[in-house]
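What follows is a single structure, written as structure tokens, with notes after it.
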Amino acid sequence: LAFQDWHRLDSEEKALNNHEISFKVALKPQNLDTLDNLFGQISNIHSPFYGRFLDNDQITEMISLPDDKIASVVEYLTSRSGQHCEVNTSLSLHKDYIYVYTCVGQAKLIFPNFNPVVYFRAETGHKILRSDQLMDISRNLNFLGFPAELHDHIEAIHEITDLPLIPRHVDGTLGIPGQQPFSSDDQELTVNDMIKEFAVDYSVLEESALNADDPQVKASVVELDPYMPFSPKELKEFQAKYGIPNNPIRKILGVNSGMEDGLEASLDVETIASIAQGVHIWDFGYDYDYPHLIEIIMSTPGAPRVYSSSFGLQETFTGEATVKAANTSFLKFGLAGYTYIVGSGDSGPALKSNCKDFDAIFPGSSPYVLSVGGAAVDKQNGSIHAWMQSS
């Protein structure tokens, strides 16, 4: 297994004690069963609680640990600050994560068995530090050296390990075991077909309904590979070519250089621009850290309420700790009135290594997102049917 597009530098470069590093400690979320039940009530049109969304303060009050328990974890993390460098911490929006900023030498004092490795991405020149140990609370908190009295307060350690792992074939290309190639029997769906069958022209709404502060007429594209940007220039040319009203991306949060045309990112942006014509579209370009993405959105005034993402990865390669953390974040997202729409998968669930059990595609498998499959159009009779290869 290897990080997608990243090369491990064991022999060429070692992680130095003064190398900066950051990670976050996921605190044990509280009242998840109650919040899960409330999510169902808020989403049920027949419930008296339908649409009665929570604000950030209400979510914090229900999900966070008591302040004294949070303080005990922070005290341990910072207790030896200064031996190699300072340890700085901050709390997340809902007080369910502690962000830690320090250096490798200090991290080794916090985690006595921490063995960082340098990874390099030649395409962009970026370097990251990761550990080969999967830091999942169910197996590794003792190994990491955390005091036993803190175990009940901590769910997992993230961002030292939690980039999704992608299998790499012998020839060096990337792929997912068990997935099948696209069927050659599927008819090609052109842009004009897509606009004709699916587009909704929101430009007919009164101009007052399209003001920049109204989240009801906004949508956002989420790109979970920050190194695959879309090109605003290419989007403008695409809209002109197909007679789509010029509707540039109104706001970009995160990473998007705009200097090149990333295939996946451009496809996502052009699709939503074709179908949701006139809607104010934002672009969020972040890595695979769903809790961080959700926090950024929920902290941004006037952010859209609807988010679309095509990314999905088998749960096996996403990792148990990452899935749990993401599900909790999507739960909070829904409770606050946001909708996260994600593709269910291109070719059904893959098989696990035992070749017996299915391996669901995440986050499409999350109970707190709207997972959608593909649709195929018969050009001869105009009928639309579900794409049977979707998960």
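The values are calculated or read from the model by the stated rules, or taken from the named source; none is laboratory data. These figures come from a predicted structure and were not determined experimentally. Here the Cβ positions follow ideal geometry from the backbone for every residue, glycine too, while neighbour counts run over all protein chains shown. Accessible surface is based on the protein model in full, side chains and every heavy atom, while ligands, DNA and RNA are left aside. Shrake-Rupley method; radii C 1.70, N 1.55, O 1.52, S 1.80 Å.
Descriptive notes on the structure:
- Helices (runs of 4 or more DSSP H) contained entirely in segment 1-114, each with at least 2 residues that are surrounded by 16 or more Cβ atoms within 10 Å (Cβ to Cβ) and modelled with pLDDT of 95 or more: 32-43, 56-63, 67-78
- The residues in segment 223-246 that are part of a loop (DSSP other than H, G, I, E, B), modelled with pLDDT of 85 or more and surrounded by 14 or more Cβ atoms within 10 Å (Cβ to Cβ) can be counted, and the count is 2.
- GLY302 on the phi > 0 side of the Ramachandran plot and either touching a Lys or Arg at 6+ places or on another chain (Cβ under 9 Å) or of a type outside the set (Gly, Ala, Ser) (or both): yes
Listed here are the residues, each with its yes/no results for (1) open to solvent by 10 Å² or more (accessible area, probe 1.4 Å); (2) touching a strand residue (DSSP E or B) at 6+ places or on another chain (Cβ under 9 Å).
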| residue | (1), (2) |
| --- | --- |
| ALA265 | no, yes |
| THR271 | yes, yes |
| GLN277 | yes, yes |
| ILE296 | yes, yes |
| SER329 | no, no |
| GLY337 | yes, no |
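- Flag if THR322 is modelled with pLDDT under 90, over 18 Å from VAL25 (Cβ atoms), in a helix (DSSP H, G or I) and not hydrophobic (A, V, I, L, M, F, W, C): no
- Number of the condition not met by ILE296 [criteria: (1) assigned to a helix (DSSP H, G or I); (2) of a type outside the set (Asp, Glu); (3) at pLDDT below 85]: (3)
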